[in-house]
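The structure appears below as structure tokens.
The values are calculated or read from the model by the stated rules, or taken from the named source; none is laboratory data. Just so it is clear, the structure is predicted and the values come from calculations on it, not from any experiment. Here the Cβ positions follow ideal geometry from the backbone for every residue, glycine too, while neighbour counts run over all protein chains shown. When the accessible area is computed, the model is the full protein with side chains, heavy atoms only, and any ligands, DNA or RNA have been set aside. Shrake-Rupley method; radii C 1.70, N 1.55, O 1.52, S 1.80 Å.
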Amino acid sequence: MSDRVVMLLAIFAPMLAGFVTLLLPARAALLRTAVGASGPLFAFVSLLGLLGDAEHSGSVGWGYIPDLGIEFFFRSDRLALFFALLVSGIGSLIVPYAHAYFRGDAAKIGRLLPMLGLFATAMLGVALSDSMLGLFVFWELTTISSFLLIGWERTNPGAVRSALQAASITGLGGLALLVGVTIFGVTGGVWRFSELGDASMPGWAMTAGVALIGVAAATKSAQFPLHGWLPGAMAAPTPVSAYLHSATMVKAGVFLLARVVVDLEGVELWPLLFVPLGALTMAYAAVQALRGATVKRVLAFSTVSQLGLFVCLYGLGGLHPSDPSHHTLEWPIGQILNHAAYKAPLFMLAGTMAIHAGVANIAQLRGLARRMPVVGWLFIVGLYAMAAGPGTFSFAAKEFFVVGAYQATEASHHAWLGWLAIVAVAIAAACNAALLVRIGRLVFGSVEEGSVEVKPGSGWMWWPAALLLLLQVVGGIAPGALEGALLSVETNPLEHLYSTFDLFGKPGLPLFVSLGALAAGVVLGLSPLLRKPGGEPCDHLFGSLHRLLELVAFAVVSTFQTGSIRRYLFLSIATLGAGLLIVMTRDERWLTVPEFTGLIDSHEPAIVIFAILAAIFVCVSALALPPCRLRIVRVLVLGAVGFGVTMLYLINRAPDLALTQIMFEIISVIMFLLVMRMLPERTRADQDRVDLPRAAFAGVIGVLVGWAVFHAGAVPDTEVRPTGSAERLGAWFLDHAHEGSALTGGRNGQGDNVVNVILVDFRGYDTMGEIAVLGIAMLAVLAMLGPRRLRPALRSEQVRVPGVQYGPQRTLVSSMLRVGMRVIVPLALIFAGYVFFKGHQSPGGGFIAGLVASVALIVYRMTEGRVALRSLIPLNPALLVAAGLAIALVTGAVPLVLDLIGGEALPFLTSGDDKLYLNRDHSEYFHLTSVMFFDLGVFIVVVGASVGMINRLEEELE
Amino acid sequence: MIQTILTPMFAETDASTEMLEKLGFLTPEIALFVTTCLVMIIGLSSSRSIRDTIPIVSVIGLGVAGFLAYTNQSTIAGAALGGIMPFLKTLIAIVGIPLVLLMSGTVDRDYENAVARGLPFDSIRSNRGEFYAFLLFSLTGLMLCASADDLIWLFLALELTSLPTYVMVSISSGKAKSQEAGIKYFFLGAVGAAIFLYGFAMIYGATGTTVLFAGDGEYSITTAFAADLADGALSPIATLGVILAIIGVCFKIAAVPMHFYTPDVYEGAATPVSAFLAFVPKTAGFVAILLLLSAVGWGFGAEGTSLPEPIRITLWIIAALTMTFGNVLALLQQNIKRVLAYSSVAHSGYMLVGVIAGPGDGGSIASNGLGAVLFYILCYGFMNVGAFAVLACLERSSGDEIETFEDIRGLCETNRVLGWVMVLCSASLLGLPPLLGFWGKLYLFTSGISAGEYALVAILGLNSAIAAFYYLKLIAGPLLDEPGESAKGLRETPYVGRVIAATVSAVSVVALVPFVNVLANAANDAATVTPAQAQTLDGSEAKIESPRSDDDA
């Protein structure tokens, strides 16, 4: 089996085993445990096999997303293997311990095993991944599994909060890692750790990348001030705390630093970043550990302190990365092993005490040695190791650190970093010793009255701890044995340091510091200092941050997100105005008055004057809008604006547009009036309010928008189009309305009315779409208003004025209007027909004709009522719309099938025309074009839609 | 099917007929349009079993449209982003299917129940057919956006996308809240449309044409802008026009400063409609932005790899504010629909990072921001539908929609499938690896960094961290909490389509992960920008030495 297959299997074995347990019988807890433990055990054994070859391991694996270097590439070098063995080894011990911890509770074990398996897989992936993004994926998986496990206690809201806190903070670190890795990948072209040394990238990118990876490591490894989540994570069951939050996961950050520092040499920032960070964390957390109230909190803070030591160590390692004359700090694997070998047992024992004797607080430890002798003694041994007592592996490890730091003080520059590390480690060691003294006095004290009776437990509750502690003792007393094992994973072992006795043989400053710290710790332990248990500021850091964000959010919500549409409109338009203002003031071309010649050049002076008058009329009507109080008056004034625009169309020789505009104004005014009658009355106060700021705001926006249009309109053609290409649209259409052009694919306009030709020919597809939209709009109105409801209440309230004739629906209708309409409506309908037929050659066309007819029918509807309209047009307006659309579509489709009758198939909507001669000498004829049928469709849709909508609105009011 | 009818027809006709070529690439839209008509007609049937086929017919129509889009690889002549069309249309059809399934029981529930109890069926009173027709119209509009090669076309397509949604919001539930939402949505939408139309007018003023892309080196907005590039900067009026158009389109994508409606409207509309709003108009807006900016091109700036400075700065500010605004405000919400609304705002901000980054060197997806945006739209489509679908699948015993965090507590225990859908989709929205959303975000990161937008990427990273606060609540609630009192009173709505939509989305979020490379490469190919030939005023063609030249070309 090739290495990559072995590694792949090893990585996924725990997860698979975890998931397989789900398939086993629910009650077979022991079987489940056995299967669950087999995963990490398999990984451990199979990875051991790779150990021999670690020195020559390359990067092996499979590609996934080659562009991003996302590959499952693994690397079994010594660092990776050591870490992976640690994870799988402790994992194999934790599973049986968890079984004992939950006392064989099948449900809980069943829930825990898949999560632990997932975590072990994620952690093994972190250890073995060579691709940086691959590591990131596994890294985030550890965050997820940690999140799930911290929130284990469903009934405890605090646990869920802690889970959220842990996931948020480590998630933030994950994002930093992602960005950092991406910087290395994108700017340096390096997506694998093994290639980091070859990265050629700008210095600042290197700095940013390293700093971001540092942030990631700091969150995962709980460095000050981001460590708040780790004490919170103690809400998880103790096996989880022992495994994730002390032995393995929290070391992922340290591991990441190790990965990077080895491959990345000579980054100036490195020691300056990590030595102070680690030193501060080490000292601060050790002091906090002394003040902890519960056993797990004490252990958590001591873990944080130890993690600080690792970070500090790697920081120092960056000082002399390649100088062989100094003790290289590249491989302090012993340190990690050392910590795992005392902290995991301490956690396990804490769990045992909690389960069997109900011990959670420090004070409850009193008399433990009598109540649970084995556990009590083991606990003290563990604490002794934690305090780095002579004779333990821990002592050697700490000494090793001090020696390294001491050598750093001899460095040419940044010597202060070494001293900083020494001071910090001395403080931490003293605190740990003090802890040993205090807890030792409690444990060996007399049993208090009324303490909970100790329940008998299985040996599984303590022997995994004992096994690990044995490692401490062996490492301390017979360093040779451990050294032999470690030699296979260390590249540059400081052999003599592992021997405690050697150290005594060579007294110097390092030994002095260690012993001095121990002595100081004993004194501190007996003294009344730092005895009062208490929290620490960083407990609330996360909560405060959250609250701060919420405060900001609240301020923003109450300013912007008020739910008032008026406020939203104001903000949107104000932003727009600000944008316009900024753009315009940045370019002086906006500040000049553009030369605007088109209108004055092309018209008679009298017409120019008339145009100016019409423009003034439009402006005055528009300005009259805001002061008007009544809605109805406003609608009418708005209509006046429209009529002013009609005048402008006429001046520019566009009778079609003018006619359309007039009809459209009529319909829209009617529609507005109908809708507004449904609105509630405005309050008096609302009507009387004069809002100067708003008027000013509207004025400013209007001027800005107008100014921009003015400029855009004044750009001469010659400036925007290359010579030789077609002119502006208007001129182009004028030229081609009759003859057609290549653009229309051989279709001829064959009309003199440019507007109509544009509508039915050049932009026939658009018109097709447009009438569809019109139809949709009507459907929308029908759908929104829903089924017709007659409102009896409204009817009864209506006041009948004596002597006035009422319409069929008892609405007030002037009889003059009614009589007049009887004449005008048929005339208007005939006119509509005329306009329709003449449309292609002179002003008119289906659209305008439809509008004219609609106005006529609408007026008829208003004066004569629903029933009369119904009898005039016995069709559902929706059907009319459908019929119109169908006619237009069929007309358009005819050319497509011309080949069926022997012709040549032509594109959709191609028009054909012929002359229908009206007399014999062919001097008079009616120009018959196929677009007329298309226009008929347009006509019917327009009539159906506008009449349908207004009819429905009227019904709503009746 | 439709294609087989249309293709030979087109083949026989004169190839110079430009309109016909357009019809050729409109086959998916035509299929959808036919489906729309069918659905409207079916909705009038008095037989319940026939009316019940509406969603099925819609799904089949979408399937056909998707198939046509996938097999029809024709591109718009001269388009800078030619390949965007088949990719996006296929994507729209695929995401459209769960959206349609989600709609079952939205407008028709009360009325169909009444009919089932013996009320005679009245086709005017039933909105069922119309509602699905509006939905399909909107999707048709969205596809048309992807086919746009003209500003007028683009405008009409955008409006065809939006207009039906205004109605859908209003009629989605019988409550006053929906009507208010509809009104707000409509008015602010009208303002947005007015602003981008105004921008289009300015672009027309500056270039004298509405044609965005034209083949054979004919004059178009693209060539006019390319000539501007040869001069070093876009003309002031064109710049203003593009900026205004972008600000107007911000309404569609729910970005600052046009995003205010988002939470109110999403909350007011029925949940399935909210899901629709979060995907369809947003995608339309991004398509519009991509098309417009591909006409401008990313050949400006000191290194010739970025947008013109004023446009870049505008987008930068919009992106930064949108992300931050969306995420920070989401923190406060107790209403999940509002949370998802703000998250939709935030996601638009993320995607704008890709837009700013531009197409990169054209070589790989790692540096192609536009490809990242397209890929993100795909990811977002699924995870967003899934999250909303969970809310749509459940209701209180009173029949009210569920909407608070309290409602989904312990969901994994009370309703295993829906609980896990919520967990997976939220985790994916948060961007947790290895789910789909993570890969989407990853490409945004890489493209942003390779374009040198470090500050923006940092803001993106920080925002993702802030987002963790509320997405984790959506994960922790169902997964870790005990079911609360209100959660115990929930029942599942009797619509299988919704559960299918939820499940399909969640499965996609997981099952598409092995195909990320394939999908992202497809997005990358779709978003390959062909540099335009400049047409200068004297008619000569200036070849621009542009660093965005395309390796594949």
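Observations on the model:
- Matching option when the condition is without any contact (Cβ under 8 Å) to a residue 12 or more places away in the chain and closer than 30 Å to B:Leu38 by Cβ, among A:Pro874, A:Pro895: A:Pro874
- Count of the stretch A:864-896 residues which are open to solvent by less than 70 Å² (accessible area, probe 1.4 Å) and part of a loop (DSSP other than H, G, I, E, B): 3
- Single match in A:Glu536, A:Glu550 (criterion: touching a helix residue (DSSP H, G or I) at 6+ places or on another chain (Cβ under 7 Å) and within 14 Å of chain B (Cβ to nearest Cβ)): A:Glu550
- Filtered residue count, the stretch B:150-159, keeping only those that are touching a Phe, Trp or Tyr at 6+ places or on another chain (Cβ under 7 Å) and surrounded by 24 or more Cβ atoms within 10 Å (Cβ to Cβ): 1
- The residues of the stretch A:12-32 that are charged (D, E, K, R) and in contact with a Ser or Thr (Cβ under 9 Å, 6 or more places away or on another chain) amount to a single one, A:Arg32.
- Any hit, the stretch B:364-373, residues being over 19 Å from B:Trp298 (Cβ atoms), touching a residue at least 40 places away in the same chain (Cβ under 8 Å), in contact with a Phe, Trp or Tyr (Cβ under 8 Å, 6 or more places away or on another chain) and surrounded by 24 or more Cβ atoms within 10 Å (Cβ to Cβ): no
- Residue among A:Gly457, A:Gly391, A:Gly445, A:Gly404 that alone is on the phi > 0 side of the Ramachandran plot, at pLDDT below 85 and not basic (Lys, Arg): A:Gly391
- Here A:Ala369 does not qualify as closer than 23 Å to A:Ala100 by Cβ and at pLDDT 80 or above.
- Flag for B:Ser173 being within 14 Å of chain A (Cβ to nearest Cβ), assigned to a loop (DSSP other than H, G, I, E, B), open to solvent by less than 10 Å² (accessible area, probe 1.4 Å) and not β-branched (Val, Ile, Thr): no
- Listed by first and then second residue, the pairs with beta-carbon distance under 7 Å, at least 6 apart or on different chains, first residue in the stretch B:59-71 and buried (at least 17 other Cβ atoms within 10 Å of the Cβ), second at pLDDT below 90 and not in a helix (DSSP H, G or I), are B:Val64/B:Met1.
- B:Ser47, sole failed condition from (1) open to solvent by 20 Å² or more (accessible area, probe 1.4 Å); (2) at pLDDT 90 or above; (3) more than 14 Å from chain A (Cβ to nearest Cβ): (2)
- Among the residues making up the stretch A:832-850, those that are assigned to a helix (DSSP H, G or I) and open to solvent by 10 Å² or more (accessible area, probe 1.4 Å) are A:Gly833, A:Tyr834, A:Phe836, A:Phe837, A:Lys838, A:Phe847.
- Test: residue in the stretch B:436-443 that is of a type outside the set (Lys, Arg), in contact with a Phe, Trp or Tyr (Cβ under 7 Å, 6 or more places away or on another chain), open to solvent by less than 10 Å² (accessible area, probe 1.4 Å) and over 18 Å from B:Asn368 (Cβ atoms): yes
- Inspection of the stretch B:264-271 finds no residue satisfying the criterion of being without any contact (Cβ under 8 Å) to a residue 40 or more places away in the chain, more than 14 Å from chain A (Cβ to nearest Cβ), out of contact with any Gly (no Cβ under 9 Å at 6 or more places or on another chain) and part of a loop (DSSP other than H, G, I, E, B).
- Odd one out for A:Ala247 among (1) over 30 Å from A:Gly418 (Cβ atoms); (2) over 29 Å from the mean Cα position of the chain (by Cα): (1)
- For the stretch B:304-331, filtering for residues that are more than 14 Å from chain A (Cβ to nearest Cβ) and either of a type in the set (Ser, Thr, Tyr) or over 17 Å from B:His259 (Cα atoms) (or both) leaves 3.
- Qualifying residue in the stretch B:115-128 (condition: away from chain A (no Cβ under 12 Å) and outside any loop (DSSP other than H, G, I, E, B)): yes
- Filtered by the rule that a residue be within 7 Å of chain B (Cβ to nearest Cβ) and either open to solvent by 90 Å² or more (accessible area, probe 1.4 Å) or touching a residue at least 24 places away in the same chain (Cβ under 8 Å) (or both), the stretch A:553-572 gives a lone residue, A:Phe554.
- Listed by position, the helices (runs of 4 or more DSSP H) inside the stretch A:95-214 whose residues that are in contact with a Leu (Cβ under 6 Å, 6 or more places away or on another chain), more than 11 Å from chain B (Cβ to nearest Cβ) and of a type in the set (S, T, N, Q) number at least 2 are A:132-150.
- Selection status of B:Phe87, out of contact with any Ser or Thr (no Cβ under 9 Å at 6 or more places or on another chain), more than 23 Å from A:Ala772 (Cα to Cα) and not small (Gly, Ala, Ser): yes
- Residues in the stretch A:106-118 that are farther than 11 Å from A:Thr33 by Cβ and open to solvent by 10 Å² or more (accessible area, probe 1.4 Å): A:Ala107, A:Lys108, A:Arg111, A:Pro114, A:Met115, A:Leu118.
- Tally, over the stretch B:297-320, of residues that are aliphatic (A, V, I, L, M) and crowded, with 19+ Cβ neighbours inside 10 Å: 6
- Leading residue by the ranking (modelled with the highest pLDDT) among those in the stretch A:769-788 that are facing chain B (nearest Cβ under 7 Å) and under 14 Å from A:Asn876 (Cβ atoms): A:Leu779
- A:Val287 farther than 23 Å from A:Ser145 by Cα and touching a Phe, Trp or Tyr at 6+ places or on another chain (Cβ under 7 Å): no
- Only residues that are over 25 Å from A:Val583 (Cα atoms), in contact with a Phe, Trp or Tyr (Cβ under 8 Å, 6 or more places away or on another chain) and either open to solvent by 30 Å² or more (accessible area, probe 1.4 Å) or hydroxyl-bearing (Ser, Thr, Tyr) (or both) were counted in the stretch B:178-210, giving 2.
- Residues that are in a loop (DSSP other than H, G, I, E, B) and open to solvent by less than 20 Å² (accessible area, probe 1.4 Å), drawn from the stretch A:222-239: A:Ala222, A:Gln223, A:His227, A:Gly228, A:Ala236, A:Pro237
- Residue selected from the stretch B:115-146 under the condition of a type in the set (S, T, N, Q) and more than 16 Å from the chain's Cα centre (by Cα), by the criterion least open to solvent (accessible area, probe 1.4 Å): B:Ser126
- Between B:Val256, B:Val242, the distinction of being part of a loop (DSSP other than H, G, I, E, B) and within 11 Å of chain A (Cβ to nearest Cβ) belongs to B:Val256 only.
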